[in-house]
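Structure record follows, encoded as structure tokens.
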Amino acid sequence: MRKEKERGLCTAIALYDLDVAKVNLKGLFEWAEGWFEKNNRPPTRASASGADINHKTTKTFKYVKKFFADKRYQNINSLWIGAPSDNYGSDVSGSLLSVGISYPKRNNVFDLVFHHSIIPHSWEYCESLVQEITAFVPSSYGIAFQRDLIRGPSFYVIGMDAGTVSDFTPEGQAEGDMISRWFHNYGDPKYWYTGMLRDVYPLNFLSQAHLANQVEGMPFDQWVASDLARGTLNPLTDSMWS
């Protein structure tokens, strides 16, 4: 019998503009495994790609963990780890917890997704996660947002549409166009530069390049500080603010 796709609100964190030369994949892998275990949802599925590696389908987590150890975490371009629901359409789209990274492609990206049935939503929790993750994945830009699992939060991160265009409403079409625009523009030197924003999200992780952008004749950080209605900038690391 065909299973219906899992639903429910998720929180997603995306980090862009990674410093790929400083990515610590082994440290990230060990951190991610501990994060799954801490939340009582051990990872069961995973995949990777790289030189002479092409996991076209997901494998068991144990298989990929041994594979990474054998490869000594070398020549790997992408990693995905997930804990799918018992009621899922696919491993990636149905995971209640997931962590992924893709690099050193021009549109390199890290993403983490958690379903609210596993971890209650909290923006403060997202900030603490980013503080931990950027120790292994240095980044110049990031966002955090909420999206229903059936609408593919991990797909949204990379600029792929899931569950919007399919409803054929004008709103769905418009959102689908906006999502795919990011897929085509991010990392392309004709459109992308460090300090650029994808959009304004509930939580935005910014670098010094963003703070230096001019808004109404003043640097962005001064513009924010000049009016309480514009929110606050909080230092997360020595090179990132939220």
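The values are calculated or read from the model by the stated rules, or taken from the named source; none is laboratory data. All values derive from a computational prediction rather than experimental measurement. Quick reminder, even Gly has a Cβ in these numbers, built from the backbone with ideal geometry, and neighbours come from all protein chains shown. The accessibility values were calculated without ligands, DNA or RNA, using every heavy atom of the protein model including side chains. Shrake-Rupley method; radii C 1.70, N 1.55, O 1.52, S 1.80 Å.
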> In whole angstrom, how long is each semi-axis of the equivalent ellipsoid of the stretch 171-242, when you take the square root of 5 times every eigenvalue of its Cα gyration tensor and sort them from largest down?
Replying inline: 25, 15, 12
>> Tell me the per residue accessible area of the chain using a 1.4 Å probe; a whole number in Å² is fine.
In response: 51
> Amide H neighbours of V215 under 5 Å, counting only residues 5+ apart in sequence or on other chains, H built in-plane at 1.01 Å?
Replying inline: F220
> Normalised by the number of residues in the stretch 98-192, what is the relative contact order in percent for Cα pairs under 8 Å and 6+ residues apart?
Replying inline: 22
> If only Cα atoms are counted, what is the Rg of the chain, and what is its Dmax, in Å?
Replying inline: 18.1, 61
>> I'd like the carbon and sulfur percentage of the solvent accessible area for the chain, probe radius 1.4 Å, heavy atoms only, ligands and nucleic acids excluded.
In response: 52
> Among K190, K26, what's the order by accessible area (1.4 angstrom probe), most exposed first?
Replying inline: K190, K26
>> Heavy atoms only, 1.4 Å probe, whole protein assembly: order E30, E127 by accessible area, highest first.
In response: E30, E127
>> Can you give me the angle between helix 25-38 and the longest principal axis of the chain, using Cα atoms only, in degrees from 0 to 90, rounded to the nearest 10?
In response: 80
> Seen from all sides and averaged, what is the projected area of the convex hull of the Cα atoms in the stretch 63-125, in nm²?
Replying inline: 5.9
>> Nearest 10 degrees is fine. How inclined is helix 123-133 to the longest principal axis of the chain, computing both from alpha carbons?
In response: 70
> For the stretch 24-156, what log10 I(q)/I(0) values come out of the Debye formula at q = 0.11, 0.13, 0.15, 0.16 1/Å, with one point per alpha carbon and no solvent?
Replying inline: -0.36, -0.52, -0.70, -0.81
> Based on the Cα coordinates of the stretch 7-48, what is the per residue volume of their convex hull in Å³?
Replying inline: 125
> Most mobile of L206, L129, L97 per a Gaussian network model of the chain (Cα springs, under 10 Å)?
Replying inline: L129
> Between K59 and S128, what is the label-to-label distance in nm when each label sits 7 Å out along the Cα-to-Cβ direction?
Replying inline: 3.4
